[in-house]
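Here's the structure we're looking at; comments come further down.
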Amino acid sequence: MPNYKGHVAGGIATFFGLVYVAGKQHAHVFVLAQWFVFTILGALFPDVDIHSKGRKIFFRVLLAALIYFVLKQDFQACILVIAMGLIPFCVRHRGIFHNVWFIAACTAIPVIYAQMYHNAYSYYVRWDALFFGFGALSHLLLDFGLIRFFKRTFGL
C-alpha cells in the first residue's frame with residue numbers, strides 16, 4: 001500500500017509506459033504534459049474517498065471545472081461536476097473508487113459526453129481519459145498487487 005509519493009511514482013511509470021506502447025514519443029511537448037497530468041491525477045484518484053493529497057487535488061480540479069462550465073453556461077456539465085464531488089462523501093474507503101468497473105465508467109462518461117455535446121474535442125478527451133484511466137489502474141495495482149487485483153476485478 002504505497003503512500004502519495006508511491007502512487008505518483010507509479011503514475012510516472014505508467015505514463016512513460018503508455019506513451020511508449022502508444023507510439024506517441026514524438027507528440028508535442030504540451031500534449032505530453034497534458035497526458036502526464038491526467039496520468040498523475042488518475043494515479044491519485046482512487047483515494048479521493050479519504051483525506052489525502054489526492055482528494056485536495058480532486059476538489060481543486062472540480063472547482064476549476066465548475067467555474068469553467070458556469071462561465072460557459074454549460075449547466076449539464078455543472079450538474080455532472082457537482083455529482084462527481086458528492087460521490088466521495090457517500091462511500092467507504094477501498095469501496096467503489098477501488099473498483100475497476102467504476103474507474104472504467106469514470107473514464108467513459110467524459111468521453112461519451114464529449115462525443116455527444118462537444119464533438120470537436122472528443123479526440124482530445126479520449127486520449128486524456130485513456131491516460132487518466134491507466135493512471136487509476138496503476139493505483140489499484142499498487143494497492144492490491146497483481147493477484148488480488150485480478151481476483152477483485154474478475155473474480156478469479
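Scan segment 21-39 for residues that are exposed (fewer than 14 other Cβ atoms within 10 Å of the Cβ) and either in a loop (DSSP other than H, G, I, E, B) or of a type in the set (S, T, N, Q) (or both) and the total you get is 4. In segment 1-26, the residues that are within 14 Å of Lys53 (Cβ to Cβ) and in contact (Cβ under 8 Å) with a residue 24 or more places away in the chain reach residues that are outside any loop (DSSP other than H, G, I, E, B) and among the polar types (S, T, N, Q) with C-beta atoms within less than 9 angstrom, at least six apart or across chains, in these pairs: His7/Ser138; Gly11/Thr39; Gly11/Ser138. Could you check, for segment 65-74, whether at least one of its residues is buried (at least 16 other Cβ atoms within 10 Å of the Cβ) and within 30 Å of Gly155 (Cα to Cα)? Taking every residue of segment 65-74 in turn, none turns out to be buried (at least 16 other Cβ atoms within 10 Å of the Cβ) and within 30 Å of Gly155 (Cα to Cα). Is it the case that Arg94 is charged (D, E, K, R), surrounded by 12 or more Cβ atoms within 10 Å (Cβ to Cβ) and in contact (Cβ under 8 Å) with a residue 40 or more places away in the chain? In short, yes.
Phe45 satisfies every condition listed in (1) over 20 Å from Tyr124 (Cβ atoms); (2) at pLDDT below 95; (3) not charged (D, E, K, R) except (1).
Within the span defined as segment 135-155, one or more residues are modelled with pLDDT under 95, loosely packed, with under 12 Cβ neighbours inside 10 Å, outside any helix (DSSP H, G or I) and not β-branched (Val, Ile, Thr).
Remark: Val70 falls outside the filter, which requires a residue to be touching a Lys or Arg at 6+ places or on another chain (Cβ under 6 Å), in a helix (DSSP H, G or I) and either at pLDDT below 90 or not charged (D, E, K, R) (or both).
Of all residues in segment 40-59, which are in contact (Cβ under 8 Å) with a residue 40 or more places away in the chain, part of a helix (DSSP H, G or I) and surrounded by 17 or more Cβ atoms within 10 Å (Cβ to Cβ)?
Of the residues in segment 40-59, the ones in contact (Cβ under 8 Å) with a residue 40 or more places away in the chain are 40-50, 52-54.
Keeping just the survivors that are part of a helix (DSSP H, G or I) gives 40-49, 53-54.
If the condition is that a residue be in contact (Cβ under 8 Å) with a residue 40 or more places away in the chain, part of a helix (DSSP H, G or I) and surrounded by 17 or more Cβ atoms within 10 Å (Cβ to Cβ), then Ile40, Leu41, Gly42, Ala43, Leu44, Phe45, Pro46, Asp47, Val48, Asp49, Gly54 are the ones that fit.
Summed over segment 75-86, the residues that are surrounded by 12 or more Cβ atoms within 10 Å (Cβ to Cβ), closer than 26 Å to Leu141 by Cα and at pLDDT 90 or above give a count of 1. The set of residues in segment 1-17 being part of a helix (DSSP H, G or I) and hydrophobic (A, V, I, L, M, F, W, C) consists of Val8, Ala9, Ile12, Ala13, Phe15, Phe16.
The values are calculated or read from the model by the stated rules, or taken from the named source; none is laboratory data. Computed from a prediction, not measured in an experiment: that's the story for all the values here. Every residue, glycine as well, gets a Cβ built from its backbone with ideal geometry; the counts of neighbours run over all protein chains shown.
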